[in-house]
Structure formats: structure tokens, C-alpha cells
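We did not get these values from a lab; they are worked out from the coordinates using the rules stated. Owing to the predicted nature of the structure, the values given are computational and were not obtained by experimental measurement. Here the Cβ positions follow ideal geometry from the backbone for every residue, glycine too, while neighbour counts run over all protein chains shown.
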Amino acid sequence: TDGALVVWTFSVVRRGTEVLSYRTGRYRSDADTFANKRTIGFPGVVSFFDCTLFSDGDYGAKENALGAILSDLDISAVAVHGEKLPDPEPRFAMRVRRDDEQEVLLIVMDWTCPTWFEPTTRRLSLNDPRWLDLRVPPNDIDDFEPWTKATLDALDEVCVR
């Protein structure tokens, strides 16, 4: 219906007060909206198939968020060496507008990466990864895509862990 919102997870990879930022590559499904922009999140559309018997009342948001992180960052089961990865935790949800004027419900998920993790650029959709300290405002906010701008504004209002 016209009033329905598509639900997306937007997973922020955290290391202390830093979040992983990267420039979106042209091999991403949402290339028109976020092309060549810097972002701090890994998006995923929550679907019926994300919700499992083990979902913790979040309708599969944690499963979707972890799947997006593992896929986009190319973290394989072999790299984990039997270590259980931490679950992403929901921080907040908000309505945001895409560049095509469609509104979505964005669930911002917080994933504290393992100590051994360092991002690589093996994926064509992930360029120029770097850690962004949330205590220091970015110099050029217009370099970021719309969802990151909204998330950074909301993170300013929510105390940084």
C-alpha cells in the first residue's frame, strides 16, 4: 500500500569510538543513489526469509544485518576460526527518504567487530575504507550519502558508547 514502508537495516561497524567508513563502488545494487559517496553503513533489505525460529523478536533484523556485514566485508567462516561473531545490536530506527523520494524505515544496527578484523578492498563495492572517529565531526558532510547523514545526526543526539 501507499503507507507501507520497506524496512532496511543499516549496519555500522564499530571499533571503540570509531566506525568504519568507505566509499561505495559502482558495483552496488543502489549505485544510482549512493554512487561514489562515503558511507558508514552496510545496508540490507529485511525480508520474510530473515526471520527464523531463533530471531529474537526483531523479525530477522539481526540476521539480515550480520549477513550484509559478512557479505560486504567478505568475512568467511574460515576467517572466523570457529569464533562466534557478535550479533549486531539495534541502536535506533528512523524514517528516511531516499534520493528517489521513497521513504523507508531504517533500523540502525551496531556491530562491534572482533579484535582481529581489518577491512580490505577485495570487494568492488567497497573502496577507500577508513576508520572515522565519531568524536570528531566530518569536514565535508556532503561527501556522505543521505542515510549516513541521517545516522550521523542521530548518533550526535544519542550518546556514543
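At R0 = 22 Å, how high is the FRET efficiency between residue 105 and residue 153 if r is their beta carbon distance? Nearest 0.05 is fine.
Working from the Cβ atoms, E equals 0.85.
Per-residue counts of other Cβ atoms within 10 Å, averaged by peptide: what ranking do you get for 6-19, 102-115, 84-97, highest first?
Most protected by this proxy first, the peptides run 6-19, 102-115, 84-97.
Quickly work out the residue 139-to-residue 37 label distance, labels modelled 7 Å from Cα along the C-beta direction, and quote it in nm with one decimal.
Inter-label distance under the simple model: 2.1 nm.
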